[in-house]
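Some notes on the structure that comes next.
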Amino acid sequence: MSSVFDDLVGQEHIIDILKGAVAASRTGSDSQEMTHAWVFTGPPGSGRSSAAVAFAQALVCPNLECGACNECHSAATGGHPDVEVIRTEGLSIKVEEVRDLLTRVAWAPSMGGWRVVVMEDADRLTESAANALLKAIEEPGTRTVWLLCAPTLHDVLPTIRSRCRHLQLRTPSVDAVKQVLIKRDNASPTMADFAARVSQGHIGRARYLATNELVRSNRKEIMQLPLQLGSLAAAFQAAQKLMDLATEEASASSEIRDEKEIEKLQEAYGKGATGRGMATGASKAVKELEKEQKSRATRIIRESIDGALLDLATLYRDVIMVQAGVTESMINSDMRPEIESYATNFPAHIAAQKVNAILEARKHLAMNVAPLVTCEALMCELARR
Ligand SMILES: [Zn+2]
């Protein structure tokens, strides 16, 4: 029999806990297993929000977390009256947004069971937003279940995390990811192996790579960049190239979505409506939406650059492996000859320094330093001998 938990790759330890909680929530007993505030943490791509959404489905499913009924389906796609999934498009979640949310979830669940809020990016709550949320979480006796997701526990305000039960997701193994790509996405074993290996347990990235030619060819170009850093001028060119590729990939994924959203919004206001109030209302709403889309685009570009930096780090990691004579666990085995010849030009400690420089650049990116400047500084550092 299928279950909402089937898609969680390599998270058996968490699935057991969630199943226990769902069972306890059904009996209505005052058991320790079910609680109304949870934090899901895990590295990017481990599937923390998928785990939270699966739990939400299970809590509202009338047939033992079947994954197939109306409730399960609508809970996952945003149509269930008692399940709200908050996906942040901007860089932060503001107090006004949390207040709106609290008004929406103030009444009892319409279907009688639980009202569930999944917050995908609880690490983006501003401090005042987190404090507003805290009051709601502390309120006893409500039927609302809060499922917060964040990269690590440190990203959640201590006052909030101390009131939540914590579930830590694992990075799924390369093999587990490979099997899913073959089974669920019909990837060929060779493609699945490549995508799983280079994405290092990031299941979304693995799937994206396995199913998207543009993403694969962009990655290939990015991985060539360190091999071409002969001069400072080349370093600046490489930085620009990295920016261009990351931006191209990001826009490919947002353009279609942006257009669809605007179309939907215009429909909601009655497209072609001539009434004056109608037209002003619609154009104001479209402007607001465009602003949101722009800030989302900025975020996606940053994420895309960050992904490229992680890829570059795997290249230097492989250089270190080659120098240490351990090649069987090479990540970029498709580039073996290039990496082997590159490795001969490096004193052993230099490759480790390059990995550090990349991690440093990722930190700067996360602190909102301008992406181009960050990439330029990094490429100059990588070019240095
Ligand atoms: Zn169901």
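The values are calculated or read from the model by the stated rules, or taken from the named source; none is laboratory data. None of the values given here were measured: they were computed from a predicted structure. Every residue, glycine as well, gets a Cβ built from its backbone with ideal geometry; the counts of neighbours run over all protein chains shown. The area values use the complete protein model at the heavy-atom level, side chains included, leaving out ligands, DNA and RNA. Shrake-Rupley method; radii C 1.70, N 1.55, O 1.52, S 1.80 Å.
Once backbone amide H atoms are built at 1.01 Å from N, Val85 has Val118 as its partners under 5 Å, excluding neighbours fewer than 5 places away on the same chain.
Among 250-259, 162-171, sorting by the average number of other beta carbon atoms lying within 10 angstrom of each residue, highest first, gives 162-171, 250-259. Oblate is the label for the stretch 184-296, because a/c, from the alpha-carbon gyration tensor with a ≥ b ≥ c as root eigenvalues, is 1.5 or above and a/b does not exceed b/c.
Here's the picture: charge each Lys and Arg Cβ at +1 and each Asp and Glu Cβ at -1 in the stretch 150-291, and of Met243, Pro158, Ala176 the one pushed furthest to the positive end of that dipole is Pro158. Hey, if you put +1 on the Cβ of every Lys and Arg and -1 on every Asp and Glu Cβ in the stretch 60-133, which of Leu91, Ser110, Ser74 ends up farthest toward the positive end of that dipole? Of the options given, the answer is Ser110. Rounded to the nearest 20, the Cβ-based charge dipole of the stretch 219-365 about its Cα centre (Lys and Arg +1, Asp and Glu -1) stands at 600 debye. Computed about its Cα centre, the charge dipole of the stretch 118-218 is approximately 300 debye, with only Lys, Arg, Asp and Glu carrying charge at their Cβ. Whole number please: convex hull volume per residue, Cα atoms of the stretch 255-371, in Å³. Each residue corresponds to 129 Å³ of Cα convex hull volume. Helix content alone sets the calculated 222 nm mean residue ellipticity of the chain: runs of n ≥ 4 DSSP H residues at -39500 (n - 2.57) each, divided across all residues, give -20000 deg cm²/dmol. Each label point was placed 7 Å from the Cα along the Cα-to-Cβ direction; for Gln168 and Arg184 their separation is 2.4 nm. The relative contact order of the chain, computed from alpha carbon pairs under 8 Å that lie at least 6 residues apart in sequence, is 16 percent. Surface exposure of the stretch 168-291, expressed per residue as accessible area with a 1.4 Å probe, stands at 58 Å². A compact globular protein would have a Cα radius of gyration near 2.2 N^0.38 Å; the ratio found for the chain is 1.10.
Expressed in nm to one decimal, what extension gain is obtained for the pair Lys294 and Glu213 from 0.36 nm per residue of sequence separation less their Cα-Cα distance? Extra length available between Lys294 and Glu213 comes to 26.6 nm. Heavy-atom accessible surface of the stretch 307-385, averaged per residue, reaches 47 Å², computed with a 1.4 Å probe.
Fully extending the segment from Thr126 to Asn63, taken as 0.36 nm per residue of separation minus the present Cα-Cα distance, adds 18.9 nm.
If the segment from His73 to Lys264 were pulled out straight at 0.36 nm per residue, it would be longer than the present Cα-Cα gap by 66.6 nm.
Over the stretch 307-385, the reciprocal of the mean inverse Cα-Cα separation, the Kirkwood hydrodynamic radius, stands at 13.0 Å. Under the criterion of Cα pairs below 8 Å and six or more residues apart, the relative contact order for the stretch 167-208 equals 43 percent.
Take 283-293, 225-235 and order them by the average number of nearby Cβ atoms within 10 Å per residue, most first; the result is 225-235, 283-293.
With charges only on Cβ, +1 for K and R and -1 for D and E, what is the dipole size of the chain about its Cα centre, in debye, rounded to 20? With only Lys, Arg, Asp and Glu charged at Cβ, the dipole is about 380 debye.
Taking 7 Å steps out from each Cα toward its Cβ at Val95 and Ile17 produces label points 3.2 nm apart. Let me make sure I get this right: for the stretch 51-169, a, b and c are the square roots of the gyration tensor eigenvalues over alpha carbons, sorted descending. Under 1.5 in a/c it's rounded, otherwise prolate if a/b > b/c, else oblate. Which is it? Prolate, since a/c reaches 1.5 and a/b exceeds b/c.
In terms of distances greater than 24 angstrom between alpha carbons, the cross-link table entries Lys241/Lys294; Lys220/Lys291; Lys260/Lys291; Lys94/Lys241 yield Lys220/Lys291; Lys94/Lys241.
In the chain, the portion of solvent-accessible area held by carbon and sulfur atoms comes to 54 percent [1.4 Å probe, whole percent, DNA, RNA and ligands not counted]. Based on the Stokes-Einstein relation at 4 °C and a viscosity of 1.567 mPa s, and on the Kirkwood radius from alpha carbon pairs, the stretch 5-110 is assigned a translational diffusion coefficient of 86 µm²/s. What is the log10 of I(q)/I(0) for the stretch 280-344, computed with the Debye formula using one identical point scatterer on each Cα and no solvent, at q = 0.19, 0.23, 0.28, 0.29 Å⁻¹? Normalising to I(0) and taking log10 leaves -0.74, -0.88, -1.07, -1.11. Across the stretch 231-356, the mean sequence separation of Cα contacts (distance under 8 Å, 6 or more residues apart), normalised by length, yields a relative contact order of 25 percent.
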